[in-house]
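The values are calculated or read from the model by the stated rules, or taken from the named source; none is laboratory data. Every value quoted in this text rests on a predicted model; they were computed, and no experiment measured them. Don't worry about glycine lacking a Cβ; one is built from the backbone with ideal geometry, like all the others, and counts go over all protein chains shown.
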Amino acid sequence: MKIYEYQAKQFLARYGIKVQPGDVAETPDEAYRIAEQLGTEVVIKAQVHAGGRGKAGGIKLARTPEEAREKAEAILGMKIKDITVSKLLVLSAVDIESESYAGLVMDRRTKKPVFMVSPAGGIDIEQIARKTPEKILKYPVDPFFGLMPSKARELASFLYSDRQQVKRVMPILSGLYRMFIENDCSLAEINPLVVDKEGVFWAVDAKINLDDNGLSRHPEFEKLRDPEIEAPQERVARESNLSYVKLEGNIACCVNGAGLAMTTMDVIKYYGGEPANFLDIGGSSNPKKVVNALRIIKTDPNVEVILFNIFGGITRCDDVAEGLKEAILELNIGTPVVVRLTGTNEQEARKILSSMGIEVHTSMDEAVKCAVALVGKERR
Ligand code: GDP
Ligand code: MN
C-alpha cells in the first residue's frame, strides 16, 4: 500500500526524524490559512502517488499567504503522471544548504532490507544509479542484528565528510531503519534529506510503501488508505477475500488456487494471448465468491473473454458452476465464457453449465487455446 508524503512524514516524525511543520489543504483558501498560521515562506506540494512532482510543476515556493493561495490554485486540478491533484501539503520552506538521499528497500535476492545512501540527493536517484553508480552506497542489513552503530557510521561517512554532520545523521539512519522494520515497509526513502543553513537536518520529501502482506499486523494502517485512488476492482476483491491483480490483457481469468492461476497466465501467454488479470477465488467452495469474481471482471472494459480454470479438490466444481450460472443471470454477462473444469463433482457441474449452453473442457490446454482463438490472436 502506498501512502502520501504527509502520511509518510508522520511515520518519520515518530522516529525522531525532523519534518517541516504544516498541514494538508484541499482548497486555495485552506492553503492561505495554513501559510498565514505558519508565518514563514512556505512550500506547496501536490500529494499524489508519483515521484518527480517537482519537475512536473507540482511543487512551488510561496513567500506570502496570497502567493500560497495563487500557487495552490495552480497546482490543484493539475495532472501529474495521469493523476489529478486534489490534496496539497503546505509546509514551512527549508533554506537548503545540501541535499542527500537515504532509502531502504526489501531486496528479494539477498532477502534483506538494503540501505542505500547517496550524497547526490534531490534529483532522480534512478538516473544516478544508472550513470554514476559509485555515488551510491548499498548495504544489505542483516535483520537479525539490525543496523549496527558501526555500519550507521560508515553510511553516514559516505554522505558527509564533516564530523558533526556524520554524528547528526546517524540517528536519522537508525530511525529510518527501525521505522522500516517495525511498520513492515517494503520501501522507505528520504529524498532529499536536507541540511539547512543552520546545519539542521530535515526530511524534505518522504516516500513509504507498506507491505500489503504485513497489513494484518497493523489494523490501524487501514485508515491511511485513500479509497478514491484504489482501483474499484481491487476494493471489491479485498472486501470479498479474493486475490485479484489487474493486468493489461483481454482474457480474464478465474481460477482456484494461486499456483494454478499463475500457470493459467503462463499458458495464455504461451498461446499468444494476454491475461487481463490474476484472480484466485481460493480453495473453498462458495458460489458467492464466483459471483463477486465476475462482478470484478465485469468492470474491466478490456475483457473480451472470460476463462475459468477449476481443478476441483476441496473446491467443488458444481459450486463454481452454480456461482457462474448465478452471475451470468444476475450480472447480465454477455462476454463469452470458456470453462475448463475437472475433479470433485465434475459431472454435476457439466449438467448445470450445459443447460446454460456453456461448453466445458477437461484439458487446460484446449480451454486456453479456445479462449485465445476467441480474441483472435492465436499463436501460429
Ligand atoms: P519530488 O519532485 O516529487 O521528489 O518532490 P520533493 O519534495 O523531493 O521536491 C523536489 C525538489 O523541490 C527538492 O529536491 C528541492 O530542491 C525542492 N524543494 C522541496 N521542498 C523545498 C523547500 O522546503 N525549500 C526549498 N528551497 N526547496 C524545496
Ligand atoms: Mn523527492
Query raised in the report: From the residues in region 177-196 that are under 23 Å from ASP95 (Cα atoms) and within 16 Å of ligand 2 (Cβ to nearest atom), which one is nearest to the chain's Cα centre (by Cα)?
Result: GLU189
Report task. Output the residues belonging to region 111-123 that are at pLDDT 95 or above and out of contact with any helix residue (DSSP H, G or I) (no Cβ under 7 Å at 6 or more places or on another chain). Result -> LYS112, VAL114, MET116
Report summary line: Among strands (runs of 3 or more DSSP E) entirely within region 197-265, at least 3 residues that are under 28 Å from SER92 (Cβ atoms) and within 13 Å of the chain's Cα centre (by Cα) occur in 206-210
Report task. Just give me the residues in region 47-73 being more than 8 Å from ligand 1 (Cβ to nearest atom) and within 29 Å of the chain's Cα centre (by Cα), in sequence order. Result -> GLN47, VAL48, HIS49, GLY57, LYS60, LYS71, ALA72, GLU73
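For (1) within 15 Å of ligand 2 (Cβ to nearest atom); (2) surrounded by fewer than 19 Cβ atoms within 10 Å (Cβ to Cβ); (3) under 23 Å from ILE229 (Cβ atoms), each residue gets a yes or a no:
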| residue | (1), (2), (3) |
| --- | --- |
| THR27 | no, yes, yes |
| GLN47 | yes, no, yes |
| GLY51 | yes, yes, yes |
| LYS55 | yes, yes, yes |
Report task. List every residue pair whose Cβ atoms lie under 8 Å apart, where the two residues are 6 or more positions apart in sequence or sit on different chains, the first residue falls within region 182-198 and is in contact (Cβ under 8 Å) with a residue 60 or more places away in the chain, and the second residue, located anywhere, is within 10 Å of ligand 2 (Cβ to nearest atom) and among the aromatic types (Phe, Trp, Tyr). Result -> GLU189/TYR101; ILE190/TYR101; ASN191/TYR101; PRO192/TYR101; LEU193/TYR101
Query raised in the report: Which number in (1) in a helix (DSSP H, G or I); (2) within 16 Å of ligand 2 (Cβ to nearest atom); (3) in contact with a helix residue (DSSP H, G or I) (Cβ under 8 Å, 6 or more places away or on another chain) marks the one condition that GLU126 misses?
Result: (3)
Query raised in the report: Can we say ALA258 is within 16 Å of ligand 2 (Cβ to nearest atom), aliphatic (A, V, I, L, M) and not assigned by TED's automatic domain parsing to the domain that holds ILE80?
Result: no
Report task. Scan region 69-107 for residues that are among the aliphatic types (A, V, I, L, M), free of Cβ contacts under 8 Å to residues at least 40 places away in the same chain and closer than 17 Å to VAL24 by Cα and jot them down. Result -> ALA74, ILE75, MET78, VAL85
**Report entry** Residue that is nearest to ligand 1 (Cβ to nearest atom) [pool: residues in region 194-233 that are of a type in the set (Gly, Ala, Ser) and surrounded by fewer than 17 Cβ atoms within 10 Å (Cβ to Cβ)]
**Finding:** GLY199
Query raised in the report: Failed condition for PRO192, given (1) farther than 29 Å from ASP280 by Cα; (2) part of a helix (DSSP H, G or I), with all others met?
Result: (2)
Requested in this report: For VAL290, work out the one condition from (1) aliphatic (A, V, I, L, M); (2) touching a Ser or Thr at 6+ places or on another chain (Cβ under 8 Å); (3) more than 18 Å from MET262 (Cβ to Cβ) it doesn't fulfil.
Outcome: (2)
